[in-house]
Amino acid sequence: MTAEYEMKDSGVEWIGKIPKRWEICRLKMTVKHKNVVTQDSTGYIGLENIQGGSGRFIPSSDDNFKAEGQALVIKPGNVIFGKLRPYLAKCYLVQENGCCSSEFLVLEEAKLKAYYLKYLMLSPSFITEVNMATYGTKMPRANWEIIGNIRVPYPSLHEQTAIASYLDDKCSAIDDVIAQAKETIEEYKSWKASVIFEAVTKGLDPNVEMKDSGVEWIGEIPKHWNCLKAKRVFQSNKNGIKVGPFGSALTNAVVSSDEGTIKIYGQANLIRKDFEYGNNYVTNETYRRLKEYEVLSNDVLVSMMGTIGKCCVVPTNIITGIMDSHLIKVRINEKMTPAFFEYIYESQAVFKQLLFCSKGSIMNGLNSGIVKNVFMTVPPLPEQTAIASYLDDKCSAIDSIISEKQVLIDELESYKKSLIFETVTGKRRVC
């Protein structure tokens with residue numbers, strides 16, 4: 001290594017070593033903090049529009065433009081930085097005139113040029129430093145006093161330009177691969193949904209005679225199949241369908257595994273298809289009071305609020321537990337296997353019915369009446385078993401490919417963060 005690239009200790013923990021000729025300054029000494037308020041603009045950027053350095057302008061006539069009198073003027077070359085969680089540390093290099101949410105810091109380049117500053121503030125270690133200095137428990141946030149006092153590396157103008165140019169090229173290439181992988185994942189998810197829909201509504205025999213199901217969302221089905229309301233495949237007793245307990249029933253009753261032995265199962269278990277996940281429990285006393293909400297093997301749990309259209313057959317050997325207030329418990333009769341019910345319920349054939357009938361102005365919500373009255377295909381039991389087995393194999397193969405693509409995305413995003421940090425702190429030499 002030549003003398004000009006000798007490293008030294010920066011004296012700042014989050015930075016570590018930097019090139020010997022670089023300086024360390026507080027951020028407020030290297031940029032200008034702007035706080036110019038506007039009541040009108042041709043475009044607006046809100047916190048929700050910032051994603052990893054890029055942003056989207058909304059026309060000022062859009063319904064989302066609700067910041068009159070509170071919006072900050074932004075101009076090309078400004079860097080805006082979110083100061084309120086969950087958008088804390090979202091960063092964007094402004095490309096056009098407009099305004100932004102007052103929950104951003106607006107910074108103007110001085111000693112640190114905007115194109116380098118953006119990457120510096122996207123560095124994971126810088127973001128960690130900001131997160132560690134936040135205040136407020138319900139809505140953690142930072143302010144200019146906190147962020148402006150963070151010490152940052154200060155390379156020469158020539159090096160700032162070289163670093164930004166290098167990262168533009170490298171990050172763009174990485175982002176292209178990530179975007180392609182995400183697109184592939186969506187294509188496989190779409191294919192999986194199509195495979196499930198075709199199997200649960202058309203069966204596995206392509207030559208079978210078909211008939212009209214009479215249900216728009218299902219279409220034609222094999223002539224020897226039935227199309228019934230879901231309540232026809234539920235047990236006829238009080239356990240056929242059961243809505244979770246009122247939220248108040250669990251108020252102040254939730255404890256950790258150190259204090260309770262009876263687990264609480266919720267939507268996260270359905271979405272993850274994982275009944276080991278979670279650490280919410282109740283005591284034996286609460287369990288006895290709420291025993292009618294107990295979850296048993298081969299029960300089917302259905303999500304009823306927010307994320308609708310999700311269900312899962314309860315596996316064997318789970319920890320004794322009850323469902324929470326966001327779930328519906330279903331017990332299937334002899335007309336249908338639980339495995340087939342899970343596939344047909346999560347298919348587009350049923351999901352579109354649920355979406356059409358769902359209640360709630362803020363988020364989609366279900367009730368037992370909606371779940372009982374959706375239409376389902378009901379093949380003979382041997383066909384149900386064969387279809388479920390076929391879909392287990394097909395979906396497992398598709399999920400494996402999706403998982404591989406997600407691993408690639410995670411690795412690339414991790415590499416990108418490391419690349420940005422090493423480059424903005426001079427640990428990676430840029431010619």
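The values are calculated or read from the model by the stated rules, or taken from the named source; none is laboratory data. This one's a predicted model, so the numbers in the text were calculated from it and none came from an experiment. Cβ sites come from the backbone with ideal geometry, for glycine too, and all protein chains shown count toward neighbours.
Given the residues W191, W225, which is the only one that is in contact (Cβ under 8 Å) with a residue 12 or more places away in the chain and touching a Pro at 6+ places or on another chain (Cβ under 8 Å)?
Every option except W225 fails the conditions.
Which members of region 146-172 meet the condition of being within 19 Å of I24 (Cβ to Cβ) and either exposed (fewer than 13 other Cβ atoms within 10 Å of the Cβ) or not aliphatic (A, V, I, L, M) (or both)?
Passing the criteria: G148, N149, R151, P153, Y154, P155, S156, L157, H158, E159, Q160.
Can you tell me which residues in region 262-296 are under 18 Å from K310 (Cα atoms), among the β-branched types (V, I, T) and surrounded by 15 or more Cβ atoms within 10 Å (Cβ to Cβ)?
Answer for region 262-296, where residues must be under 18 Å from K310 (Cα atoms), among the β-branched types (V, I, T) and surrounded by 15 or more Cβ atoms within 10 Å (Cβ to Cβ): I264, V295.
Within 30 Å of E6 (Cβ to Cβ) and surrounded by fewer than 18 Cβ atoms within 10 Å (Cβ to Cβ), is that true of K372?
Against the criterion (within 30 Å of E6 (Cβ to Cβ) and surrounded by fewer than 18 Cβ atoms within 10 Å (Cβ to Cβ)), K372 does not qualify.
Table: residues versus (1) in a helix (DSSP H, G or I); (2) surrounded by fewer than 18 Cβ atoms within 10 Å (Cβ to Cβ).
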site: I174; (1), (2): yes, yes
site: A179; (1), (2): yes, yes
site: E183; (1), (2): yes, yes
site: E186; (1), (2): yes, yes
site: W191; (1), (2): yes, yes
site: I196; (1), (2): yes, no
site: V200; (1), (2): yes, no
site: D205; (1), (2): no, yes
site: V208; (1), (2): no, yes
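Filter region 125-158 down to residues that are assigned to a helix (DSSP H, G or I) and among the aliphatic types (A, V, I, L, M) and give me whichever is modelled with the lowest pLDDT.
Restricting to residues being assigned to a helix (DSSP H, G or I) and among the aliphatic types (A, V, I, L, M), the top hit is M132.
Residue by residue through region 78-124, note down the ones that are more than 21 Å from T423 (Cα to Cα) and either among the small types (G, A, S) or free of Cβ contacts under 8 Å to residues at least 12 places away in the same chain (or both).
Hits for region 78-124 are G82, P86, G98, S101, S102.
Kindly indicate which of V233, V302 is buried (at least 19 other Cβ atoms within 10 Å of the Cβ), modelled with pLDDT of 95 or more, among the hydrophobic types (A, V, I, L, M, F, W, C) and touching a Lys or Arg at 6+ places or on another chain (Cβ under 8 Å).
Going through V233, V302 in turn, just one is buried (at least 19 other Cβ atoms within 10 Å of the Cβ), modelled with pLDDT of 95 or more, among the hydrophobic types (A, V, I, L, M, F, W, C) and touching a Lys or Arg at 6+ places or on another chain (Cβ under 8 Å): V233.
For region 106-115, check the following and say yes or no: at least one residue is in the same structural domain as V31 (by TED's automatic domain parsing) and under 24 Å from the mean Cα position of the chain (by Cα).
No, region 106-115 contains no residue that is in the same structural domain as V31 (by TED's automatic domain parsing) and under 24 Å from the mean Cα position of the chain (by Cα).
May I ask you to list the residues in region 380-431 that are touching a residue at least 12 places away in the same chain (Cβ under 8 Å), of a type in the set (K, R) and within 17 Å of S125 (Cα to Cα)?
K416, K417, K427
Going by the conditions given, is L354 assigned to a helix (DSSP H, G or I) and in contact with a Gly (Cβ under 7 Å, 6 or more places away or on another chain)?
yes
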